[in-house]
Amino acid sequence: MTICPCGSGRGFDECCAPILAGNPASGPEALMRSRYSAFVKGDVDYLDRTLAPEALADYDRSETETLVKEARWQGLEVRSSTMDADSGTGQVEFVARYTVRTKPFVHHELASFRRQDGQWLYVDGVMNPRPAPRVAAKVGRNDPCPCGSGQKYKKCCGA
């Protein structure tokens, strides 16, 4: 049994191989993992088939073929995955590591997916996504202290 390149820890024949062969992915994460396996295995036709129509506008097949030939894939890390079954949409944040001619690369993306006609498709992605900035409420000098003492901030923690 060969381990699936997608990093699931399962065998390739029970993980991504059936999806690459044409069985529908169960959700966005399964599709993302199978697309990574397609890059590793060199299945450019599968990568074409799993793109949403609007994603084809920016797609360059020859560029993908070059990447598939030259890259040595190091691994996939899925950081988060969400799916809204009602709307048929989902997102997967992932990091794919690979080398091209001994130069290391890291591809970090928040990818969006959509279910269309029973198949999950890659729609688009945001490279190097950043978490939302933390927002802290500003406490005025004469406001009640947020520690709960009942005193004004300037007489308590703001002193």
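The values are calculated or read from the model by the stated rules, or taken from the named source; none is laboratory data. Predicted model only: the values in this text are computed from it and were never measured. As a convention, Cβ positions derive from the backbone with ideal geometry for all residues, glycine included, and neighbour counts pool all protein chains shown. The protein model used for the area step is the full one, side chains on, heavy atoms only, and it has no ligands, DNA or RNA in it. Shrake-Rupley method; radii C 1.70, N 1.55, O 1.52, S 1.80 Å.
Could you provide, to the nearest whole Å², the per residue accessible area of segment 30-159 with probe 1.4 Å?
Counting only protein heavy atoms, the per-residue value for segment 30-159 is 64 Å².
If packing is taken as the average count of other Cβ atoms within 10 Å, what order do 82-89, 53-60, 33-40 fall into, highest mean first? Display every interim value, and only then the final one.
Numbers: 82-89: 12.0, 53-60: 10.2, 33-40: 23.9.
Going from most to least packed, we get 33-40, 82-89, 53-60.
So if we plug the beta-carbon distance of ASP84 and ARG130 into 1/(1 + (r/R0)^6) with R0 = 25 Å, what FRET efficiency do we get, rounded to 0.05?
Numbers: r = 22 Å, r/R0 = 0.89.
For ASP84 and ARG130, the calculated efficiency is 0.65.
Can you tell me, using C-alpha contacts under 8 Å and at least 6 residues apart, the relative contact order of segment 31-108 as a whole percent?
Dividing the mean separation by the residue count of segment 31-108 yields 23 percent.
Taking Cα atoms, how many degrees apart are the long axis of helix 28-41 and the longest axis of the chain, rounded to 10 and kept between 0 and 90?
Approximately 50 degrees, to the nearest 10.
Tell me the relative contact order for the chain as a rounded percent, counting alpha carbon contacts under 8 Å between residues six or more apart.
Computed over the chain, the figure is 17 percent.
Angle, helix 61-70 long axis vs. longest principal axis of the chain, Cα atoms, 0 to 90°, nearest 10?
90 degrees
Assuming a ≥ b ≥ c are the square roots of the Cα gyration tensor eigenvalues, decide whether the chain counts as rounded (a/c under 1.5), prolate (otherwise, with a/b larger than b/c) or oblate. Please list the in-between numbers first.
On the way: a/c = 2.74, a/b = 2.30, b/c = 1.19.
Verdict is prolate for the chain.
Among 116-122, 136-142, what's the highest-first ranking by average C-beta atoms within 10 angstrom per residue?
Packing proxy ranking, top to bottom: 116-122, 136-142.
Is segment 40-80 best put as rounded, prolate or oblate by its Cα gyration tensor, with a ≥ b ≥ c the root eigenvalues, rounded for a/c under 1.5, and otherwise prolate when a/b is larger than b/c, oblate when not?
oblate
In the neighborhood of GLY125, defined by Cβ-to-Cβ distances under 12 Å, what is the net charge if each Lys or Arg adds +1 and each Asp or Glu adds -1?
Around GLY125, the charge tally is -3.
To make sure I understand the rule: partners must be lysines, Cα under 19 Å from the Cα of LYS152, and not fewer than 8 residues away in the same chain. Which ones qualify?
Result set, ordered by chain and number: LYS138.
Give me the percent of the accessible area of the chain that comes from carbon and sulfur atoms, probe 1.4 Å, all protein chains in place.
With neighbouring chains kept in place, the figure for the chain is 50 percent.
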